[in-house]
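K.L.:
The following block contains the structure, expressed as structure tokens.
The values are calculated or read from the model by the stated rules, or taken from the named source; none is laboratory data. If you're wondering where the values come from, they're calculated on a predicted model, not measured in any experiment. Every residue, glycine as well, gets a Cβ built from its backbone with ideal geometry; the counts of neighbours run over all protein chains shown. Heads up: the accessible areas ignore ligands, DNA and RNA and are worked out on the full protein's heavy atoms, side chains in. Shrake-Rupley method; radii C 1.70, N 1.55, O 1.52, S 1.80 Å.
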Amino acid sequence: MPDALMAAVQRVARDFGLPSGWLNTAVANQWETSLPPSLEENLTWHRFGGLRVGVAGRRPLIALKLLAAVDQGGPQSVHYQDLVRLNPTEEELEEARGWATSEDPSPIVADHIDQVIRHVRDDIE
């Protein structure tokens with residue numbers, strides 16, 4: 001990210017008590033494989049001076065958070081906590097599962113996806 005943006009990100013983290021990596025470009029790597037199918041129609045663009053920011057809508061965010069929770073530590077990860085806070089419906093979880101399993105169809109990853117979804121269901125009940 002440009003230096004001016006990094007400085008603003010650090011200022012927001014300081015002012016709101018957020019972790020230093022609260023805003024990152026990790027999802028940019030996903031452009032190389034695929035993105036949730038609903039992303040394009042569920043993307044809202046905002047302009048802040050010379051900066052244009054795309055904000056993912058609910059369905060693609062749930063899918064991205066599910067995959068990130070599987071990749072980065074399950075129920076203890078910030079992505080898992082975000083997923084629980086989104087309080088996804090069964091339909092949204094199944095849509096997210098479909099996309100996440102298409103990213104890596106291995107049985108091990110599918111099992112991890114199922115585990116995270118089970119934990120989410122338990123935590124939102």
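K.L.:
What percentage of the solvent-accessible surface of the chain, computed with a 1.4 Å probe over protein heavy atoms, is contributed by carbon and sulfur atoms?
P.N.:
With neighbouring chains kept in place, the figure for the chain is 54 percent.
K.L.:
Still on this structure, I have one more. Using the Cα centre as the reference, give the magnitude of the dipole from point charges on the C-beta atoms of the chain (Lys, Arg: +1; Asp, Glu: -1; all else neutral), rounded to the nearest 20 debye. Walk me through the numbers on the way to the answer.
P.N.:
Details: 11 positive and 19 negative charges, 139 e Å.
Charge dipole of the chain: 660 debye, to the nearest 20.
K.L.:
Convert each backbone phi in the range 35-46 into a coupling constant with the Karplus relation 6.51 cos²θ - 1.76 cosθ + 1.60 (shift: θ = phi - 60°), then list the ³J(HN,Hα) values in order as whole Hz, x for Gly and Pro.
P.N.:
10, x, x, 8, 4, 4, 7, 10, 10, 10, 9, 10
K.L.:
Let me ask something else about it. Subtract the Cα-Cα distance of Asp3 and Gln76 from 0.36 nm times their separation in residues, and report this length gain in nm to one decimal.
P.N.:
23.2 nm
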